[in-house]
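Have a look at the structure below, then the notes.
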Amino acid sequence: MRTYIPKKDDIVRKWWLIDAEGKTLGRLAKEVAVLLRGKNKKVFTPFLDTGDFVIVVNAEKVMVTGKKLEEKIYRSHSGYLGNLKELTLKEMLKRHPEKVVQDAVWGMLPKNRLGRKLYRKLKVYRGPDYPHQAQKPKAYNF
């Protein structure tokens, strides 16, 4: 028996639209990561990009459980002494809700060339508007 490896022409890419309003952050990120990797397809191959494009709207209305709003901390450092910046999840959702969803999805993708390529197919927007109507994305419900 030979292992089937899909060619570039065999991989069909779709555009999915996910509304994050009322969805739990981790569960949303898991579904997005599965779509980006293509794990829901028959032609899934671990070392190939077989996934779809994903548009996430209403990122500012994503939910979390427990005390994560006050206790989860996002840290960034410029490299200079004393320039460690810390923001709680609550502050991050006010300032950069797109970054919250992007970081959660990035945590579930492989950390290599393939993961960076998959990550570029993720489009996250704060509100309900997005500039990808020409691609005719289908609504994805989970």
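As a proxy for reagent exposure, PHE53, PHE44 were ordered by neighbouring Cβ count within 10 angstrom, fewest first; the result is PHE44, PHE53. The ranking of LYS121, LYS94 by Cβ neighbour count inside 10 Å, starting from the fewest, reads LYS94, LYS121.
Placing a label point 7 Å from the Cα of ARG113 along the Cα-to-Cβ line, the residues of region 1-22 whose backbone N sits under 18 Å from it are 6-8. The angle separating the long axis of helix 25-37 from the principal Cα axis of greatest extent in the chain is about 30 degrees.
How many angstrom separate the Cα center of region 67-99 from the Cα center of region 105-142? Taking the Cα centre of each part, region 67-99 and region 105-142 sit 22 Å apart.
Amide H to amide H under 5 Å from THR45: which residues, 5+ apart in sequence or cross-chain, H placed 1.01 Å off N in plane? Answer set, sorted by chain and number: THR50.
Between the alpha-carbon centres of region 5-25 and region 34-59 there is a gap of 5 Å.
Under a 5 Å amide H cut-off, with hydrogens placed 1.01 Å from N, VAL56 pairs with ILE18, LYS123, VAL124, TYR125 among residues at least 5 apart or on other chains. Where a ≥ b ≥ c are the square roots of the eigenvalues of the C-alpha gyration tensor, would you call region 92-142 rounded, which needs a/c under 1.5, or, failing that, prolate if a/b is larger than b/c, or oblate? Judged from the Cα gyration tensor, region 92-142 comes out oblate (a/c at least 1.5, b/c at or above a/b). From least to most packed, judged by other beta carbons within 10 angstrom and beginning with the fewest, LEU87, LEU109 follow the order LEU87, LEU109.
Which residues among region 108-142 fall inside the zone where the amide N is under 11 Å from a point 7 Å beyond the Cα of ARG27, along Cα→Cβ? So the set is 142.
Before anything else, pin down the relative contact order of the chain: Cα pairs under 8 Å, at least 6 apart, normalised by residue count, whole percent. Here the relative contact order equals 32 percent.
Of LYS41/LYS90; LYS41/LYS68; LYS39/LYS136; LYS41/LYS67; LYS85/LYS123; LYS7/LYS39, which ones are farther than 28 Å apart at the Cα? As for pairs spanning more than 28 Å Cα to Cα, those are LYS41/LYS90; LYS41/LYS68; LYS41/LYS67.
Every read-out reported here was derived from the displayed coordinates using simple, explicitly stated rules and does not represent laboratory data. Note that the structure is predicted; figures quoted are calculated from it, not measured. With ideal geometry, Cβ positions are generated from the backbone for all residues, glycine too; neighbour counts draw on all protein chains shown.
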